Amino acid sequence: MSAPLYDAAYFGAGTSLLFALLLGAGFGWFLERAGLGSARKLAGQFYLTDLAVFKVMFSAILTAMLGAFWLSRLGVLDLSLVYVPGTWVLPQMAGGLVFGVGFVTAGLCPGTGCVAASSGRVDGLALIAGMLAGTLLFGEVFPLLDGFYRSTPLGNATLASLTGLPTGVVVCGVTALGLAGFAAAERVERVERRSGGAGPEA
């Protein structure tokens with residue numbers, strides 16, 4: 001039976017941490033090369049003048065999804081052993097709302113905030129400080145939020161389990177949606193450029 005490499009004991013905890021460090025550094029490097037450490041560039045997402053965030057992140061999602069799917073089909077990876085985070089509908093909707101407001105306000109998300117901070121940008125450093133303060137505050141008030149935090153559970157939900165469709169059909173659908181999204185993003189950016197749409201610089 002195939003499995004994730006760490007669970008299959010192909011390497012130990014030390015090597016696993018080294019791989020995590022290298023992959024994290026590589027991911028951060030590619031985010032910076034894509035310009036996603038700049039709050040001004042990320043703000044273009046909300047003005048529809050620069051949809052690089054959507055294109056870069058959806059490319060990462062499609063790459064991971066297709067890689068996992070085909071590795072599973074080839075017998076290299078056992079998807080049943082891959083950790084899937086649990087789903088709690090209402091608390092995660094609330095968290096998504098807070099995340100969205102913070103993204104719009106700061107122009108950075110946690111990942112791009114780390115990239116900005118590592119590049120020495122003051123706004124990135126401020127965002128990291130705010131995240132740490134928010135994490136500490138959440139830990140302190142968690143007993144008051146525990147009931148809401150554990151409400152509306154769906155378990156380890158996936159699109160395949162929620163829709164009842166075969167995994168291959170879901171993969172094809174998400175891939176088609178991604179390709180259509182890329183095409184739409186390019187069209188929107190061209191329209192905005194032709195119309196002289198004002199970005200965050202205005």
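The values are calculated or read from the model by the stated rules, or taken from the named source; none is laboratory data. Because the structure is predicted, anything quoted here is derived from the model rather than measured. Using ideal geometry, Cβ is built from the backbone for each residue, glycine included, and neighbour counts are taken over all protein chains shown.
Looking across the range 96-111 at every residue that is assigned to a helix (DSSP H, G or I) and touching a Phe, Trp or Tyr at 6+ places or on another chain (Cβ under 9 Å), the one that is farthest from R33 (Cα to Cα) is identified as V104.
Against the numbered list (1) closer than 30 Å to G67 by Cβ; (2) touching a residue at least 12 places away in the same chain (Cβ under 8 Å); (3) loosely packed, with under 12 Cβ neighbours inside 10 Å; (4) more than 20 Å from the chain's Cα centre (by Cα), T167 comes up short only at (3). Screening the range 21-48 for residues that are in contact with an Asp or Glu (Cβ under 9 Å, 6 or more places away or on another chain) and among the basic types (K, R) and picking the one that is farthest from E189 (Cα to Cα) gives R40.
Among the conditions (1) farther than 26 Å from Y47 by Cβ; (2) surrounded by fewer than 11 Cβ atoms within 10 Å (Cβ to Cβ); (3) of a type outside the set (K, R), L90 misses just one, which is (2).
For first residues located in the range 65-85 and within 16 Å of V171 (Cα to Cα), partners that are in a helix (DSSP H, G or I) and at pLDDT below 90 and lie 6+ apart or on another chain with Cβ distances below 7 Å form the pairs A68/L79; S72/L79. For S72, indicate whether it is within 25 Å of L162 (Cα to Cα), in a helix (DSSP H, G or I) and touching a Leu at 6+ places or on another chain (Cβ under 6 Å). So S72 fits the description; yes. Among the residues of the range 11-32, those identified as of a type outside the set (A, V, I, L, M, F, W, C), in a helix (DSSP H, G or I) and at pLDDT below 85 are G14, T15, S16. Candidates T63, T105, T15: the one that is among the hydroxyl-bearing types (S, T, Y), farther than 30 Å from T152 by Cα, exposed (fewer than 14 other Cβ atoms within 10 Å of the Cβ) and within 19 Å of the chain's Cα centre (by Cα) is T63. Within the range 143-160, work out how many residues are in contact with a helix residue (DSSP H, G or I) (Cβ under 7 Å, 6 or more places away or on another chain) and either loosely packed, with under 10 Cβ neighbours inside 10 Å or hydrophobic (A, V, I, L, M, F, W, C) (or both). Here the count works out to 4. Taken over the range 138-155, the criterion of being small (G, A, S) and in a loop (DSSP other than H, G, I, E, B) is satisfied by S151 alone.
Number of residues in the range 33-60 that are in contact (Cβ under 8 Å) with a residue 60 or more places away in the chain, buried (at least 16 other Cβ atoms within 10 Å of the Cβ), part of a loop (DSSP other than H, G, I, E, B) and not β-branched (V, I, T): the value is 5.
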